Structure formats: structure tokens, C-alpha cells
Amino acid sequence: MTPMYNRVPKVTADFWIIKLLAVTMGETAADYLAVNLGLGLTATSLVMSAVLAVALAVQFAQKRYVPWAYWLAVVLISVVGTLVTDNLVDTFGVRLITTTWVFALALAVTFAVWFASERTLSIHAIFTTRREAFYWLAILFTFALGTAAGDLVSEQFGLGYLATGVLFGMIIASLGLGYALLGLDPILGFWLAYIFTRPLGASIGDFMS
């Protein structure tokens, strides 16, 4: 019998640091490719989606956690998630509040179907192709949702990038305290923190640039 290995990393402090850096890079890389290189949102989205498809094919082929393959996929899906939201808002004129609700609903449906199929949302049990497919789909929607929510708060609500980063940082800190002191469900806490690190990283990237 072939042994089953988890295909995603353990959730440690290193995980969150690298994840925050990855999402910050994803935000700035998407803007750089679309604006500074003059490719435009549509062309950049098509190119980066193709690159992401190759990276995910490599990741799925590993059948276990391989750091370089996993984090390459995370960075690229961060870029594509940003571009999806930016395209909807800037190219098609969809309101930020609409994209936020749409991606929140898409993420909720993904989790519901995932749980109905597998009876767990734990990232400690991503050892089948179907579970990994649900995982990466959820990750894509967390990035698209986080981009929309971050832009909604910082730009449309006028809070600014720095204050938005502080706000989401405080939310993540409260989740950590809830887990450590109040017994917050670890799976729920993980996914909430994963969602909120996206607007935190995006706000940092936008503020620095």
C-alpha cells in the first residue's frame, strides 16, 4: 500500500511569515506586471494564469509537500487572485463591495462542498488529489476576496493603506488570542487568519509602493 503524505506544510510561525511575504509580493508583482511593464490587466491575467496552471500541475505531481513547488504555487495564485479582482473592478466596472460579497459567497460554497465531500476542512489531511483541488480553489478565493476586501476598506471606505494594514493585523492578533486563550476552533481560526493575511499583506505592499 502506497503511504499517504500531507501535501501542504505544517502551520508554524515560519508558515505565517512566508505566507505574509508571499501575499505582499503577489500584490506588488501583479501591479508591476500590469502597470509598470505596460502589459495591461487582461494580458497580464492571461499570461499569469497560464504560468499558474503549469505551477499547479507541478505541485499536484509531487504527491507530498515539496517546499519550492508549494510556495511557488502560493505566490502565483496570489498574483492571479489579485488580477482577478482588479480585472473585475477596473476592466468591467464591478463595484468593490460586490466583488467582496461574490468571492465571500464563492469561498463559502467551496468550503461547504469540500466538507460535504470529505467531512473535514483540515489542512493536516490534504493527502488526496480531490482534497488538494478543494484546497487550492479555496486558496484562490481567499486571495481574490482578500484583495477585494482590502481595497474596499482602504480605498472606497477611505481608511488608507497603513490604517487598513493595522486593522487587519489587529483582527489576526485577536484570532491568535482567541485560539490561545478562548479555545477558538483551530480549523476555523486557520482559515479566518488565512483570509485576513491577504488584505494585510496587500495593504503593506500598496503602502510601501
Check your understanding: What ranking, highest mean first, results for peptides 62-69, 25-32, 94-101 when packing means the other Cβ atoms within 10 Å averaged over each residue?
Key -> 25-32, 94-101, 62-69
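Relative contact order for segment 1-133: what percent, with Cα pairs under 8 Å and sequence separation of 6 or more?
Answer for segment 1-133 is 36 percent.
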Exercise for review: With a point put 7 Å past each Cα toward its Cβ, work out how far K10 is from T98 in nm, to one decimal.
Suggested key: 4.6 nm
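Rank these by accessible area, largest first, 1.4 Å probe: K19, K10. Provide the component values of the computation, followed by the final result.
On the way: K19 0, K10 165 Å².
From most exposed to least exposed: K10, K19.
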Point to revise | Computed P(r) (all Cα pairs; segment 85-149; 5 Å bins; percent) | key: 4, 19, 25, 19, 13, 10, 7, 3
Check your understanding: About the Cα centre of segment 122-209, what is the dipole size in debye to 20, counting +1 per Lys and Arg Cβ and -1 per Asp and Glu Cβ, all else neutral?
Key -> 240 debye
Practice item. Just the ratio, please: alpha-carbon radius of gyration of segment 117-209 over 2.2 N^0.38 Å, N its number of residues. Key: 1.21
Revision key, fill the gap. Over all directions, segment 42-112 yields a Cα convex hull whose mean projected area in nm² is 5.5 nm²
Exercise for review: Might you work out the accessible area of L181 for me, using a 1.4 Å probe with all protein chains in place, and round it to the nearest 10 Å²?
Suggested key: 130 Å²
Exercise for review: Run the accessible area of the chain with a 1.4 Å probe and give the carbon-and-sulfur part as a rounded percent.
Suggested key: 73 percent
Practice item. Give the value in nm², to one decimal: projected area of the alpha carbon convex hull of segment 1-100, averaged over all directions. Key: 7.8 nm²
Point to revise | segment 124-133 - phi-based ³J(HN,Hα) in whole Hz, Karplus 6.51/-1.76/1.60, Gly and Pro as x | key: 8, 10, 8, 10, 10, 5, 5, 5, 5, 4
Revision key, fill the gap. Computed over segment 67-145, protein heavy atoms only, probe 1.4 angstrom, the accessible area per residue in square angstrom equals 42 Å²
Point to revise | Cα-based convex hull volume of segment 27-80 per residue, rounded to whole Å³ | key: 60 Å³
Revision key, fill the gap. Computed about the Cα centre, the charge dipole of the chain from +1 Lys/Arg and -1 Asp/Glu charges at the Cβ has a magnitude in debye, to the nearest 20, of 760 debye
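Can you give the helix-only mean residue ellipticity at 222 nm for the chain, where every DSSP H stretch with n ≥ 4 adds -39500 (n - 2.57) and the sum goes over all residues, rounded to the nearest 500 deg cm²/dmol? Present the calculation step by step, with values, prior to reporting the outcome.
Working: 7 runs with 151 residues, N = 209.
Helix contribution divided over all residues of the chain: -25000 deg cm²/dmol.
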Exercise for review: Work out Dmax and Rg for segment 52-209 from the C-alpha atoms and quote the Rg first, both in angstrom.
Suggested key: 16.0, 45
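The values are calculated or read from the model by the stated rules, or taken from the named source; none is laboratory data. Computed from a predicted structure; not experimentally measured. Cβ sites come from the backbone with ideal geometry, for glycine too, and all protein chains shown count toward neighbours. Protein only, heavy atoms only, side chains kept; ligands, DNA and RNA dropped before computing areas. Shrake-Rupley method; radii C 1.70, N 1.55, O 1.52, S 1.80 Å.
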